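Okay, so here's the structure we're looking at.
The values are calculated or read from the model by the stated rules, or taken from the named source; none is laboratory data. All values derive from a computational prediction rather than experimental measurement. Backbone-built Cβ (ideal geometry, glycine too); neighbour counts: all protein chains shown.
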Amino acid sequence: MTEVLDRIRGALVGLKMPRALEALDHTMQQLEKGEITGIEAIDALLAEEYATRETRRIDVALLTAKLLPAKTLESFDFSFQPSLDRERIAALAQLDFIRRAEVVHFLGPPGTGKSHLATALGVAAVKAGRQVYRATLADLIGGLAKAERQGQLAEKIRFHSRASLLIVDEIGYLPITQGGANLFFQLVNARYEKGAMILTSNRGFAEWGEVFGDPVVATALLDRLLHHAVVIQIEGASYRIRSHADLIPEHVRANAPITPPPPPKRRERPPRNGAANP
Ligand code: ADP
Ligand code: MG
């Protein structure tokens, strides 16, 4: 018996199963007392090791996917966002859209949970063993531009094409240069019908020409990104400022997503009627 146990210990060390090794003595005691059967003992040891490894795998994958701080669908308050169809989100969480290499668009004003939902779907995909990568559009283009300068654009595009789900967050907040739009187009083209994407934006598709600084590239982008697509429009209030909504003027609350902030007033600016013109 001791001989067999020593052999099991040696095997667990050799197989790098430290959690099972730790649990061995306790499991053996349960077995000897007749509390569990032999097959339950095997199950317990493997389950211990597997759970530990899965937790570690998920932690590492969430970090490399840039999905931290992680969000979940369970922590999303659907009652706060009544325009959102809970069933559609639950269907997306089945992750078939990844297998079908579809594009999911979350559109809506700031604070309505677009990034939260995109991240939560990314986390679900990581848990299901899929490779995921998340970036803001600005960071993604910055990375592509840097790779291009270093003569490594093709490699970078291949890297971003490997993930089975690419999440591109915050389309529309920052203006994109024409060169940047071209780089993003190359990436979208490489993934087209091969890999799934989730995109979040505060701007409607009609404004993409403006967002990408070039209507031709914007049209070509939309052509690919709307072909096999799911569009989820969220129309609601910001969750971020939910407790301060009364402090924000009505016209700002209503138009927050579309109306850019007014340009800062410059002292030398002449009044509108021109009366004070020098
Ligand atoms: P958006 O990307 O649309 O600007 P976020 O997803 O970043 O908005 O949401 C802003 C913050 O509010 C995040 O911390 C997010 O987790 C939280 N949040 C947004 N909507 C909800 C909701 N319905 N239930 C719970 N938390 C939410
Ligand atoms: Mg966001």
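Here is how the numbers come out for the structure above:
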| item | result |
| --- | --- |
| Test for S164: is it within 21 Å of I232 (Cα to Cα), within 16 Å of ligand 2 (Cβ to nearest atom) and at pLDDT 95 or above | no |
| Residue identified as within 23 Å of H116 (Cβ to Cβ), crowded, with 16+ Cβ neighbours inside 10 Å and not small (G, A, S) among L187, L174, L166, L183 | L166 |
| Selected residue (criterion: nearest to ligand 1 (Cβ to nearest atom)) from residues of the stretch 61-95 that are touching a Lys or Arg at 6+ places or on another chain (Cβ under 8 Å) and within 19 Å of K127 (Cβ to Cβ) | L67 |
| F185 touching a strand residue (DSSP E or B) at 6+ places or on another chain (Cβ under 7 Å) and either more than 16 Å from ligand 2 (Cβ to nearest atom) or in the same structural domain as S238 (by TED's automatic domain parsing) (or both) | no |
| Conditions (1) touching a residue at least 12 places away in the same chain (Cβ under 8 Å); (2) touching a helix residue (DSSP H, G or I) at 6+ places or on another chain (Cβ under 6 Å): number failed by R86 | (1) |
| Complete set of residues in the stretch 135-165 that are in a strand (DSSP E or B) and closer than 19 Å to A61 by Cβ | A135, L165 |
| Test: residue in the stretch 70-80 that is touching a helix residue (DSSP H, G or I) at 6+ places or on another chain (Cβ under 9 Å), of a type in the set (D, E, K, R), closer than 30 Å to F205 by Cβ and not assigned by TED's automatic domain parsing to the domain that holds T200 | yes |
| Only listed residue being away from ligand 1 (no atom under 16 Å from the Cβ), among the β-branched types (V, I, T) and not in a helix (DSSP H, G or I), chosen from I58, I36, I98 | I36 |
| Looking only at the stretch 105-134, and only at residues there that are part of a strand (DSSP E or B) and away from ligand 1 (no atom under 14 Å from the Cβ), the one that is surrounded by the most Cβ atoms within 10 Å (Cβ to Cβ) | V132 |
| Residue pairs meeting the criteria (Cβ under 7 Å; at least 6 apart or on separate chains; first more than 14 Å from S201 (Cα to Cα), in the stretch 217-238; second part of a strand (DSSP E or B)) | H228/V103; A229/V103; A229/H105 |
| Where R19 falls short, out of the listed (1) touching a residue at least 24 places away in the same chain (Cβ under 8 Å); (2) of a type in the set (D, E, K, R); (3) under 25 Å from L166 (Cα atoms) | (3) |
